[in-house]
Amino acid sequence: MTKVQHFIILILFSFPGLALAQDVHFSQYSFAPTLLSPALSGIFPSEFRGGALYKNQWVSVPVKYTSFLGYFDKKVLRQVAGNSLVYGVSFQYDRAGEAALSGMQLQWHGAITRALHPAISLALGFSAGYSSRQFNPQKLSFGSQFTDIYRPSTPSGEIFEQTSVGYLDLATGLNAHVRFKPLEADVGLAYHHLNQPRVSFMGSDATLFPALTFYGLGGLALSEKTDVLFNTVYRKQQVYNELVISSGLKYYLNRETNQNIAVSMLLGMRKGDAFFPEFHIYFKNWTGGLSYDINRSDFRVATAGKGGPEFSIRYIANQVVPPKKSKICPIF
């Protein structure tokens with residue numbers, strides 16, 4: 001491997017959010033349950049749920065730093081030995097930097113929940129998925145391509161034997177759901193990459209570092225029309241760590257069954273990185289959200305303090321089951 005390749009690998013693996021050692025991250029973590037923990041599967045007041053998040057991390061940077069998460073989970077109506085079951089799938093995509101370093105993951109997740117008390121339930125979750133990482137060396141520029149001018153058609157002389165890698169990724173989590181009026185909250189932890197998969201473009205023995213996640217998500221009813229919302233997430237992955245805190249108010253315009261309308265406004269921060277306002281609209285079974293990161297890290301020299309938008313959408317509902325066909329006895 002040449003010095004140029006060593007330099008490229010160093011750059012790819014040094015920036016937070018680009019490194020193979022780190023996972024994708026969002027600001028609206030309360031709308032990314034399967035990313036936090038597989039034990040959060042099924043923690044919703046209905047039969048099935050679907051949602052998605054999209055984040056453009058730095059809009060002022062000329063290369064793309066984008067992340068996407070889509071998920072769906074469904075409760076099993078029949079209980080097993082007094083336990084509730086839920087299953088689902090999720091898809092992640094992340095792209096970063098000039099070399100289009102990207103990652104994809106298709107993941108299955110499931111959880112089993114048991115009520116310990118009318119107001120307390122405990123869930124154990126597990127997930128398994130196939131992940132891949134890849135980059136495009138054709139998008140890079142090399143010193144050998146610069147003479148009097150830059151000539152991209154000139155052979156770089158660099159040889160990359162492998163530009164993609166795939167691996168199995170496992171995770172588990174534990175969640176406690178508490179509902180004591182006026183408080184409703186989820187508190188839990190998760191352990192990601194528990195199998196420590198080997199991930200390397202160079203054929204060396206490089207493992208994906210295990211990641212621990214601790215979180216507390218919930219709300220407190222102040223009145224019939226107003227709730228206080230709070231979210232705290234701490235993630236640690238070897239020497240990297242992330243603390244995200246947000247809090248605000250949710251106001252109900254209509255609380256009638258199947259006609260509920262509400263709005264929420266929160267203010268959050270990612271320690272050492274950014275502040276972000278967060279806004280959501282709740283309409284019947286739908287919720288749409290928008291947040292915007294205001295960068296405060298050392299990288300603000302390049303971004304002028306501008307971060308990027310993040311969009312979320314979620315749908316929660318019951319499946320309508322058609323009645324069984326039956327003959328109607330006529331009345332004579």
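The values are calculated or read from the model by the stated rules, or taken from the named source; none is laboratory data. Nothing here was measured: the structure is a model prediction, and the numbers come from that model. Cβ coordinates were reconstructed from backbone atoms using ideal geometry, including for glycine residues, and neighbour counts include every protein chain displayed.
Quick notes on this structure:
- Residue within region 112-123 that is more than 25 Å from the chain's Cα centre (by Cα) and within 22 Å of Ser30 (Cβ to Cβ) present: yes
So that you can scan it fast, the table gives a plain yes or no per residue for (1) free of Cβ contacts under 8 Å to residues at least 24 places away in the same chain; (2) of a type in the set (S, T, N, Q); (3) closer than 26 Å to Ala123 by Cβ:
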residue	(1), (2), (3)
Gln196	yes, yes, yes
Phe201	no, no, no
Lys225	no, no, no
Gln238	no, yes, no
Tyr252	no, no, no
Glu256	yes, no, no
Phe276	no, no, no
Lys284	no, no, no
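- Filtered residues of region 252-273 (kept if surrounded by 14 or more Cβ atoms within 10 Å (Cβ to Cβ) and either among the hydrophobic types (A, V, I, L, M, F, W, C) or modelled with pLDDT of 95 or more (or both)): Tyr252, Ile261, Ala262, Val263, Ser264, Leu266, Gly268, Met269
- Test: residue in region 127-147 that is assigned to a strand (DSSP E or B), in contact with a helix residue (DSSP H, G or I) (Cβ under 6 Å, 6 or more places away or on another chain) and not hydroxyl-bearing (Ser, Thr, Tyr): no
- Listed by first and then second residue, the pairs with beta-carbon distance under 6 Å, at least 6 apart or on different chains, first residue in region 159-186 and modelled with pLDDT under 90, second β-branched (Val, Ile, Thr), are Val165/Val199.
- Criterion (among the basic types (Lys, Arg), under 20 Å from the mean Cα position of the chain (by Cα), in a strand (DSSP E or B) and on the phi < 0 side of the Ramachandran plot) met by exactly one of Lys250, Lys236: Lys236
- Residue match in region 8-20 (condition: closer than 22 Å to Leu194 by Cβ, at pLDDT 70 or above, part of a loop (DSSP other than H, G, I, E, B) and not aromatic (Phe, Trp, Tyr)): no
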